[in-house]
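A.B. asks: Before I ask anything, here is the structure I am working with.
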Amino acid sequence: MTRPSERSAPGELEKKIGYTFRDRALILEALTHKSFHHEHGGADLAYNERLEFLGDAVLGLIVVEYLFLLKQTFNEAELAKMKSYLVCEVVLAEIAAELSLGSHILLGKGEEATGGRKKKSILSDTLEAVIGAVFLDSGFKTTRSLVLGFFRERIDVVIRTGDFFDYKTTLQEKTQLLYGTLPEYRLIKQQGADHKRVFTVSVCLNGEELGTASGRKKKEAEASAAKIALGKIADQ
């Protein structure tokens with residue numbers, strides 16, 4: 001396996017993200033996982049955890065600034081929930097997968113063997129490292145444009161649908177307070193092929209069904225069912 005310094009810059013990834021690095025060392029560092037560093041160690045071989053830390057902070061600022069400047073005004077709690085939802089590991093891993101980021105990461109043999117290129121934690125961390133690298137290479141304005149290219153559509157969907165609201169946690173808190181018990185989620189059925197599977201879930205309280213919903217993911221169906229249940233509790 002070649003060392004990052006011996007490897008040509010990942011031009012395919014740069015095309016996908018719409019940015020070409022001036023400092024090639026930055027993109028190579030952003031793509032180097034610590035497992036690769038440990039196997040090919042040396043003081044001259046940096047790995048991406050520092051860039052990940054920086055990228056996380058830059059990403060959070062960009063998302064919050066965008067939300068803050070929207071015509072629709074959100075309070076502090078809403079801003080915090082939306083930010084938390086948008087920059088979570090799942091969303092970042094989805095974006096990374098769309099960019100085929102996993103195929104560009106430098107991994108150690110152990111991580112490679114255990115499917116590291118598809119691990120959500122590694123994908124999300126590497127995307128943050130790439131964001132941090134762009135920030136160091138070109139500053140805030142360019143990084144903001146790049147990040148919003150990834151996130152703007154998702155942000156608009158979240159605002160329109162209210163998906164940032166944690167219906168399951170809110171339902172749990174309300175049922176615990178009002179009834180002294182927790183809701184139970186039951187998988188009623190799942191249909192379709194693996195890549196088009198639809199889950200149907202019901203949420204019950206003391207054996208009574210409060211809501212049933214379907215979704216492409218089990219968690220999505222549970223959240224929708226919890227939303228229905230919250231409406232019923234509010235009407236009581």
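The values are calculated or read from the model by the stated rules, or taken from the named source; none is laboratory data. Treat the numbers as computed from the prediction; the structure is a model and nothing was measured. Ideal geometry is used to build each Cβ from the backbone, glycine not excepted, and the neighbour counts take in all protein chains shown.
A.B. asks: Could you count how many residues in region 66-82 are surrounded by 13 or more Cβ atoms within 10 Å (Cβ to Cβ), of a type outside the set (A, V, I, L, M), at pLDDT below 90 and touching a helix residue (DSSP H, G or I) at 6+ places or on another chain (Cβ under 8 Å)?
C.D. replies: As a first pass, look at region 66-82 and keep what is surrounded by 13 or more Cβ atoms within 10 Å (Cβ to Cβ): 66-67, 74, 78-82.
Next cut, of a type outside the set (A, V, I, L, M) only: 66, 74, 78, 81.
Still in the running and at pLDDT below 90: 74, 78, 81.
Add one more test, that the residue is touching a helix residue (DSSP H, G or I) at 6+ places or on another chain (Cβ under 8 Å), and what stays is 74.
Residues flagged as surrounded by 13 or more Cβ atoms within 10 Å (Cβ to Cβ), of a type outside the set (A, V, I, L, M), at pLDDT below 90 and touching a helix residue (DSSP H, G or I) at 6+ places or on another chain (Cβ under 8 Å) within region 66-82 amount to 1.
A.B. asks: Condition first: under 15 Å from G132 (Cβ atoms) and not polar (S, T, N, Q). Now tell me which residues in region 23-33 satisfy that. Walk me through it before giving the result.
C.D. replies: Of all residues in region 23-33, those under 15 Å from G132 (Cβ atoms) come to 23, 25-33.
Of everything in region 23-33, those that are under 15 Å from G132 (Cβ atoms) and not polar (S, T, N, Q) turn out to be D23, A25, L26, I27, L28, E29, A30, L31, H33.
A.B. asks: Follow-up. Given the criterion of a type in the set (A, V, I, L, M, F, W, C), crowded, with 16+ Cβ neighbours inside 10 Å and either out of contact with any Lys or Arg (no Cβ under 8 Å at 6 or more places or on another chain) or on the phi < 0 side of the Ramachandran plot (or both), identify the matching residue among F140, F165. Please lay out each step first, then the result.
C.D. replies: On the way: F140 fails: crowded, with 16+ Cβ neighbours inside 10 Å.
When all the criteria are applied, what remains is F165.
A.B. asks: Another question, then. Which residues, counting only those in region 28-64, are touching a residue at least 60 places away in the same chain (Cβ under 8 Å), of a type in the set (V, I, T) and closer than 26 Å to I155 by Cβ?
C.D. replies: Within region 28-64, V58, I62, V63 qualify.
A.B. asks: On to the next question. Against the conditions (1) in contact (Cβ under 8 Å) with a residue 40 or more places away in the chain; (2) surrounded by 14 or more Cβ atoms within 10 Å (Cβ to Cβ); (3) not assigned by TED's automatic domain parsing to the domain that holds T73, where does F199 fall short? Just the number, please.
C.D. replies: In the conditions (1) in contact (Cβ under 8 Å) with a residue 40 or more places away in the chain; (2) surrounded by 14 or more Cβ atoms within 10 Å (Cβ to Cβ); (3) not assigned by TED's automatic domain parsing to the domain that holds T73, F199 misses (1) alone.
A.B. asks: Could you run through region 74-89 and say how many residues are more than 12 Å from V64 (Cβ to Cβ), in a loop (DSSP other than H, G, I, E, B) and among the hydrophobic types (A, V, I, L, M, F, W, C)?
C.D. replies: So in region 74-89, the residues more than 12 Å from V64 (Cβ to Cβ) come out as 75, 77, 85, 88-89.
If we keep only those that are in a loop (DSSP other than H, G, I, E, B) too, we end up with 75, 88.
So of that shortlist, the ones also among the hydrophobic types (A, V, I, L, M, F, W, C) come out as 88.
Selection size over region 74-89: 1.
A.B. asks: Select from region 108-137 the residues that are among the hydrophobic types (A, V, I, L, M, F, W, C), surrounded by fewer than 22 Cβ atoms within 10 Å (Cβ to Cβ) and either at pLDDT 95 or above or outside the structural domain of Y47 (by TED's automatic domain parsing) (or both) and list them in ascending order.
C.D. replies: Matches in region 108-137: L136 only.
A.B. asks: Taking only pairs six or more apart or across chains, which ones have beta-carbon atoms under 6 Å, a first residue in region 94-119 that is farther than 14 Å from V130 by Cα, and a second residue that is of a type in the set (A, V, I, L, M, F, W, C) and assigned to a loop (DSSP other than H, G, I, E, B)?
C.D. replies: Within 6 Å, the pairs are G116/L107.
A.B. asks: For region 33-43, check the following and say yes or no: at least one residue is modelled with pLDDT of 90 or more and either surrounded by 15 or more Cβ atoms within 10 Å (Cβ to Cβ) or not in a helix (DSSP H, G or I) (or both).
C.D. replies: Yes: region 33-43 contains one or more residues that are modelled with pLDDT of 90 or more and either surrounded by 15 or more Cβ atoms within 10 Å (Cβ to Cβ) or not in a helix (DSSP H, G or I) (or both).
A.B. asks: Would you call V157 out of contact with any Leu (no Cβ under 7 Å at 6 or more places or on another chain) and assigned by TED's automatic domain parsing to the domain that holds E52? Give the steps one after another, and end with the answer.
C.D. replies: Numbers: out of contact with any Leu (no Cβ under 7 Å at 6 or more places or on another chain): yes; assigned by TED's automatic domain parsing to the domain that holds E52: yes.
Yes; evaluated as a whole, the condition is true for this residue.
A.B. asks: Oh, and also: Within region 26-61, track down each residue that is in contact with a Ser or Thr (Cβ under 8 Å, 6 or more places away or on another chain), among the small types (G, A, S) and over 14 Å from L101 (Cβ atoms).
C.D. replies: Applying the first criterion (in contact with a Ser or Thr (Cβ under 8 Å, 6 or more places away or on another chain)) to region 26-61 yields 28, 30-31, 33, 44-48, 52, 58.
Then keep just the ones that are among the small types (G, A, S); that gives 30, 46.
The answer is A46, and nothing else.
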